[in-house]
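> Dumping the structure here so I can ask a few things about it.
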Amino acid sequence: MKITDIKSFIVGVNNKNLMVVKVETDNGVYGIGQGGTTTREKAMVGMIEHIRHFLIGKDPRRIEDINQEIYRSQYYEGGTIISATTSAIDLALWDILGKHLNTPIWQLLGGASRNHVTCYIDGPAGSGDTFADQAANLVKTGWKTIRFTPETGDPQFRQDKDSIFEPWESIRWTAKQMKSVRNKVGPDIKLAVDYHHRLNVAEAAFFCREVEDVGLLFLEEPIRSESPQAYAALRQMTPMPFAIGEEFSGIYVFSPFIEQGLANYVRLDICNVGGFTAARKVAAMAEAHYLDIVPHTPQGPICLAASVHLCSAIHNFAILEYPWETAQVPSDLFPRQPQLEKDHFLLPQFPGLGIEFNEEVASHYPPVPWEAPHFRRRDGSFTNY
């Protein structure tokens, strides 16, 4: 079996773009994958054009070898675009292998470690004073774990590129909201907060103290992650569990955060880290330090499907993100995609990823002009998304 072509598609759904890759072979079996370059998909299309010439003709079952060659074959190895491209190709190759063997990928990863994959849901990212009521409604529908994304409390705040984000305003408002949520839903519902690395060390430490009595399952990405030393300083200031790693490209970035005890939950994204091949290595690294995996999944249905396979197989899995805004996309574009059962996914039964992509209708979903928020403070200075 040989690779005959590699195609890329940027499709716009739910006001967001998905970067889909299709790897074709000479025996008619094909695989699909996805890269995690949110808002920078064209860079990945260019990367695929750079590498497709040396991938065509290769045996798609040599997955580890191809993964290494994509990652290492340029003078400046690694980086976000290379790692995302490696991820997309890797997922497609595992999809091919599973289809070729008529087996779901979780079986190829060692078989099932559990009977279903439990999820948490992204809580409301809307305005004002509705967090507690919306959380209560989610609990009524069966959700036992809810994560929230902080805001500012400012009625003018929007999750778009022109919003004002003042960290201290957000900290006070979010702490108040989370205390209201806890009072509303009681002690048995697990709660988490994702700060999208919008704080500095002092601000993050203050927020952790403000919500000590809430009892968070974890605080996700409170500060930027370029400096493990900054996380080490924050770790000395608070016992709060941290979930870190959704934007990490490649396995090596995880090493200091796992080995130095800076992360309590490993937040890998299978579409950024290097596909199944790299995700298994990160999971093993984490398991050696008694850490569980909490995968990041908002890239779309391919990312979600791949994450369900990974979480079905690995032992050190905590809980999976269910991104309600991006989990379900039009059925003519993806005729088969993961289906949630209450708050969990059952083990996939179809070969490979078990997801279908209809390239014939991809042109009906052109890329959308979406950009991640460009937040600024009230003085006009730029701050983090």
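> Need the full-extension length gain, THR149 to ASP332, defined as separation in residues times 0.36 nm minus the C-alpha distance. One decimal, nm.
Full-extension gain reported as 62.8 nm.
> Regarding region 307-369, what whole-number volume in Å³ per residue does the convex hull of its Cα atoms give?
Details: hull volume 7.3 nm³, N = 63.
With only Cα atoms used, region 307-369 gives 116 Å³ per residue.
> Specify which residue in the list VAL273, ILE121, THR326 is farthest towards the positive end of the charge dipole of the chain, using unit charges on the beta carbon of Lys, Arg (+1) and Asp, Glu (-1), about the Cα centre.
Going by the Cα projections, it comes out as ILE121.
> Out of all DSSP beta bridges with both ends in the chain, state the antiparallel percent to the nearest 5.
Within the chain, antiparallel bridges account for around 50 percent of the total.
> For region 3-103, calculate the relative contact order in percent as a whole number, restricting contacts to Cα pairs under 8 Å that are 6 or more residues apart.
Computed value for region 3-103: 33 percent relative contact order.
> Okay, moving on. Efficiency by 1/(1 + (r/R0)^6): what FRET value for HIS50 and GLN339, r their Cβ-Cβ distance, R0 = 41 Å, to the nearest 0.05?
Rounded to the nearest 0.05, the efficiency is 0.65.
> Follow-up. So if we plug the beta-carbon distance of ARG40 and ASN102 into 1/(1 + (r/R0)^6) with R0 = 25 Å, what FRET efficiency do we get, rounded to 0.05?
After rounding, the FRET efficiency stands at 0.10.
> How far is helix 167-185 tilted off the main Cα axis of the chain, in degrees rounded to 10, range 0 to 90?
Helix 167-185 sits at roughly 90 degrees to that axis.
> On to the next question. Just the Cα atoms of region 3-103: what Rg and Dmax do they give in Å?
13.0, 38
> As I understand it, the value is the acute angle between the Cα axis of helix 131-140 and the longest principal axis of the Cα atoms of the chain; what does it come to in degrees, rounded to 10?
Between helix and principal axis, roughly 60 degrees.
> Another one. Along the charge dipole of the chain, pointing to its positive end and built from +1/-1 on Cβ of Lys, Arg, Asp and Glu, which listed residue (SER225, PHE9, GLN236) has its Cα farthest out?
In the chain, that residue is GLN236.
> Right, another one. Determine the sum of side-chain charges near ALA204: Lys and Arg each +1, Asp and Glu each -1, restricted to other residues whose C-beta is under 11 angstrom from that of ALA204.
Counting the neighbours of ALA204, the net charge comes to +1.
> Build a GNM of the chain with springs between Cα atoms under 10 Å: which of GLN74, GLN134, GLN349 gets the top mean-square fluctuation?
Highest fluctuation of the listed residues: GLN74.
> Next up: Within 10 Å of each residue's Cβ, count the other Cβ atoms and sort ILE6, ILE314 from fewest upward.
ILE6, ILE314
> When the distances between all Cα atoms of the chain are binned every 20 Å from zero, what whole-number percent does each bin get?
With a bin width of 20 Å, the distribution comes to 29, 59, 12, 0.
> Under a straight-distance cross-link criterion of Cα-Cα below 25 Å, which lysines are reachable from LYS179, leaving out those fewer than 8 residues away in the same chain?
Reachable lysines: LYS140, LYS144, LYS190.
> Continuing with the same structure: How much length is gained on full extension from TRP324 to GLN134, taking 0.36 nm per residue of separation minus their Cα-Cα distance?
Taking TRP324 through GLN134 to full extension adds about 67.0 nm, to one decimal.
> Only four residue types carry charge here, +1 at the Cβ of Lys and Arg and -1 at the Cβ of Asp and Glu. Report the dipole size of region 3-103 about the Cα centre in Debye, rounded to the nearest 20.
Numbers: 11 positive and 12 negative charges, 56 e Å.
Rounded to the nearest 20 debye, it is 280 debye.
> Over the chain, what is the relative contact order in whole percent, taking alpha-carbon pairs under 8 Å and six or more residues apart?
Relative contact order of the chain: 22 percent.
> Equivalent-ellipsoid semi-axes (√(5λ), Cα gyration tensor) for region 212-327, whole Å, largest first?
Square roots of five times the eigenvalues give 22, 16, 13 Å.
> How far, in degrees from 0 to 90, does helix 275-287 lean away from the longest principal axis of the Cα atoms of the chain, to the nearest 10?
It is inclined by approximately 50 degrees.
> 222 nm [θ] for the chain, helices only, -39500 (n - 2.57) per DSSP H run of 4+, per residue, to 500?
Mean residue ellipticity at 222 nm (helix-derived): -10500 deg cm²/dmol.
> Rounding to the nearest 20 debye, state how big the charge dipole of the chain is about its Cα centre with +1 on each Lys and Arg Cβ and -1 on each Asp and Glu Cβ.
320 debye
> For SER113 paired with HIS289, estimate the spin-label separation in nm (one decimal), with each label point 7 Å from Cα along the Cα-to-Cβ line.
Roughly 1.6 nm, to one decimal.
> Whole percent per 10 Å bin, from 0 to the bin with the longest distance: what is P(r) over all C-alpha pairs of region 266-385?
It works out to 12, 36, 30, 17, 5, 0, in whole percents.
> To one decimal place, what orientation-averaged projected area in nm² is obtained for the convex hull of the Cα set of region 43-84?
Result: 2.9 nm².
Bear in mind that the values in this text are calculations on the coordinates, not laboratory data. From a predicted model like this one, the values you see are computed outputs, not experimental measurements. All Cβ positions, glycine included, derive from the backbone under ideal geometry; neighbour counts span all protein chains shown.
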